[in-house]
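Here is the structure we will look at, set down as structure tokens.
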Amino acid sequence: MKISKLTVYSALKLLKSGEMTATEILNLSLEAVEEKKELNAFITTTIERAGKDAICSDTMYKDKKPRLLEGIPIAHKDMFCTKNIKTTAGSKMLENFVPQYESTVSNKLKELGTVLIGKTNQDEFGMGSNSLHSFFGSIKNPYSCKETLSPGGSSGGSAVSVASGQVLLATGTDTGGSIRQPASYNGIVGYKPTYGLVSRWGCIAYASSLDCPGIFGKTVLDTAYGLTSIAGHDEKDGTSSTEEAEDYLTTLIKMEEEQGSIDLKGYKIGIIKEIESMTLSDEVREKLSTTKLKLEKSGAEFIELSIPSLKFALPAYYTIALAESSANLARYDGIRYGHSDTSGKTFIDRMKLSRTQGFGEEVQRRIILGTTVLASGFYDAYFIKASKVRRVLYNEFQVAFKKCDSILMPTTPNTAPVIDDTISPLKEYSLDLFTVPINLIGSPAISIPAGLSDRGLPIGLQLVSKQFEDAKLLKLAYKIEHIIKGQKNDGV
Ligand code: GLN
């Protein structure tokens with residue numbers, strides 16, 4: 001048995017029936033971690049703690065008191081603070097940071113019986129789309145053959161750890177697509193919840209009005225297990241929603257157990273007409289249209305929508321995200337937090353040295369751009385204008401959501417690109433064309449595998465819904481996932 005053959009759902013069944021123990025599942029996971037070392041998915045592994053967690057889970061099963069995710073091997077993106085476990089955000093700045101507290105997300109998952117395998121590699125402070133900007137080296141997409149393919153980013157390590165069968169579930173953060181985009185490149189499911197549904201407390205900040213903790217899994221059902229575990233109000237996060245978290249799991253488990261025929265009768269799915277004329281590779285374009293046909297055959301009605309401001313989302317995002325990040329990263333000054341070079345004589349010298357050494361090139365670029373758009377002469381022209389675009393975009397999407405249950409769109413304009421020296425910052429930013437608009441409007445979105453390209457590379461498609469319609473979105477995604485899986489040449 002390989003752990004790559006298991007899902008959260010099937011592993012829980014084996015654990016409950018006593019066919020496997022948590023320790024056995026942990027051993028499968030550790031074998032895979034060892035085998036797949038060259039992918040560089042982990043910054044830190046927590047093998048000793050995992051062994052203790054698994055023993056505890058086995059006792060819980062023996063005592064017939066298993067918690068929701070008892071014995072499930074999990075990995076956390078290194079943005080989540082974990083008590084007594086190094087947390088780096090992929091940066092030299094936090095190379096030696098060992099938090100004294102546990103983030104709300106990792107704490108909830110711990111309390112529900114998960115077994116922590118380690119902390120995953122990522123773009124520094126969540127900034128990037130190819131996982132090339134990590135102090136701990138780049139990550140490899142498991143689909144790479146002769147050439148090294150991008151695993152996506154910034155949560156590349158989490159996506160790869162699930163896709164390559166090292167763990168069954170992983171956390172990520174999605175500020176502009178960092179869960180959905182790597183999920184798409186690695187052929188797995190990535191869920192970005194409604195902004196505010198999952199607490200950001202204890203999660204290292206990139207851009208606070210956009211950051212969303214979320215989940216990677218092999219199936220929609222597995223991500224529903226994850227979301228159920230981490231959603232809900234948290235008084236420690238000022239932007240945490242007080243709206244009650246829904247039941248994301250029961251309906252899906254029922255559908256899985258019944259295994260009845262699935263159709264989309266009564267569902268209205270929106271397609272944005274402006275996407276037609278946007279940059280999109282032929283293989284993704286084709287996958288979108290064949291999927292649309294397939295869903296139509298299953299009873300879905302497609303509605304054409306217009307989001308005229310969609311093309312402004314990318315520049316608006318890169319203005320707002322960089323402005324917020326420059327403010328959030330100001331705390332790493334070599335005195336209060338992070339890497340410190342004490343050789344400078346003055347405060348300014350010390351700050352300069354510490355920040356120059358501690359931050360990588362991409363982070364420094366973003367801090368400079370971010371402070372520029374906030375500078376008094378540019379604030380109105382850039383930051384305020386971007387904020388206005390954000391509002392207009394939000395309004396356009398709200399009109400669209402009145403006409404449909406959910407919107408189907410590409411997750412990324414392409415399949416995983418080859419990593420070579422033609423990757424420039426602007427080229428990298430353009431990979432986020434279809435993911436960043438959703439962070440700007442705070443909606444939930446899920447990327448599901450839509451099959452492989454002719455070259456054998458995964459293509460993900462994204463479903464987007466109105467804020468706080470996460471349960472409805474997951475149900476529809478589950479149905480679509482099963483309809484797609486029926487297609488020839490497809491599969492997770
Ligand atoms: N690629 C985007 C960026 O670099 C999104 C990153 C993210 O979601 N953390 O900003």
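Observations on the structure shown:
- A protection proxy built from the mean count of other Cβ atoms within 10 Å ranks the segments 148-161, 358-371, 185-198, most packed first, as 148-161, 185-198, 358-371.
- Phi angles of the stretch 159-168 translate, via the Karplus equation with coefficients 6.51, -1.76, 1.60 and θ = phi - 60°, into HN-Hα couplings of 4, 5, 5, 7, 5, 8, x, 9, 9, 9 Hz per residue; Gly and Pro are given as x.
- Inter-centroid distance (Cα atoms) of the stretch 1-77 relative to the stretch 435-483, Å: 27 Å
- Computed [θ] at 222 nm, deg cm²/dmol, the chain (DSSP H ≥ 4; -39,500 (n - 2.57); rounded to nearest 500): -12000 deg cm²/dmol
- Those trypsin sites (Lys or Arg not before Pro) in the stretch 115-195 that DSSP places in a loop and that have at most 13 other beta carbons within 10 Å: Lys146
- Remark: the chain carries 40 Å² of accessible area per residue (probe radius 1.4 Å; ligands, DNA and RNA excluded).
- For Gly451, the residues 5 or more places off, or on other chains, whose built amide H falls under 5 Å of its own are Ile459, Gly491.
- All lysines inside 25 Å of Lys385 as judged from Cα atoms, apart from same-chain residues fewer than 8 positions distant: Lys273, Lys311, Lys427, Lys466
- For Thr44, nonlocal amide neighbours, meaning residues 5 or more places apart or on other chains whose placed amide H falls under 5 Å from its own, are Lys119.
- For the stretch 392-492, the square roots a ≥ b ≥ c of the C-alpha gyration tensor eigenvalues yield an a/c of 1.5 or more together with a/b not exceeding b/c, which makes the shape oblate.
- For the stretch 220-280, alpha-carbon Rg and Dmax in angstrom: 17.3, 44
- Using θ = phi - 60° in the Karplus curve 6.51 cos²θ - 1.76 cosθ + 1.60, the 3J(HN,Hα) couplings for the stretch 216-230 round to 10, x, 7, 9, 4, 4, 5, 5, 5, 4, x, 5, 4, 6, 10 Hz; x is entered for Gly and Pro.
- Percent breakdown of C-alpha pair distances by 10 Å bin, ordered from the shortest bin, for the chain: 4, 21, 32, 27, 12, 3, 0, 0
- For the stretch 32-82, the set of trypsin sites (Lys or Arg not before Pro) satisfying both a DSSP loop assignment and a count of at most 15 other C-beta atoms within 10 Å is given as Lys64, Arg67.
- Gyration tensor verdict on the stretch 318-423 (Cα atoms; rounded if a/c is under 1.5, prolate if a/b is larger than b/c, oblate otherwise): prolate
- Here the Karplus relation 6.51 cos²θ - 1.76 cosθ + 1.60, evaluated at θ = phi - 60°, turns the backbone of the stretch 358-368 into coupling constants of x, 9, x, 4, 5, 5, 4, 4, 5, 5, 5 Hz, with x for every Gly and Pro.
- Protection proxy ranking, peptides 398-407, 339-348, average beta carbon neighbours within 10 Å, highest first: 398-407, 339-348
- The mean sequence distance of close C-alpha pairs (under 8 Å, at least 6 residues apart), as a share of the length of the chain, puts its relative contact order at 16 percent.
- The stretch 365-463 - percent of accessible surface contributed by carbon and sulfur, probe 1.4 Å: 62 percent
- Filtered chymotrypsin sites (Phe, Trp or Tyr not before Pro), the stretch 75-142: DSSP coil and at most 15 other beta carbons within 10 Å: Tyr101
- Stretch gain in nm, segment Ile55-Glu147, where the contour uses 0.36 nm per residue and the Cα spacing is subtracted: 29.0 nm
- Rounded, prolate or oblate (a/c below 1.5 giving rounded, otherwise prolate when a/b exceeds b/c) for the stretch 1-156 by Cα gyration tensor: oblate
The values are calculated or read from the model by the stated rules, or taken from the named source; none is laboratory data. Because the structure is predicted, anything quoted here is derived from the model rather than measured. With ideal geometry, Cβ positions are generated from the backbone for all residues, glycine too; neighbour counts draw on all protein chains shown. Quick note on the areas: whole protein, heavy atoms, side chains included, nothing else; ligands and nucleic acids left out. Shrake-Rupley method; radii C 1.70, N 1.55, O 1.52, S 1.80 Å.
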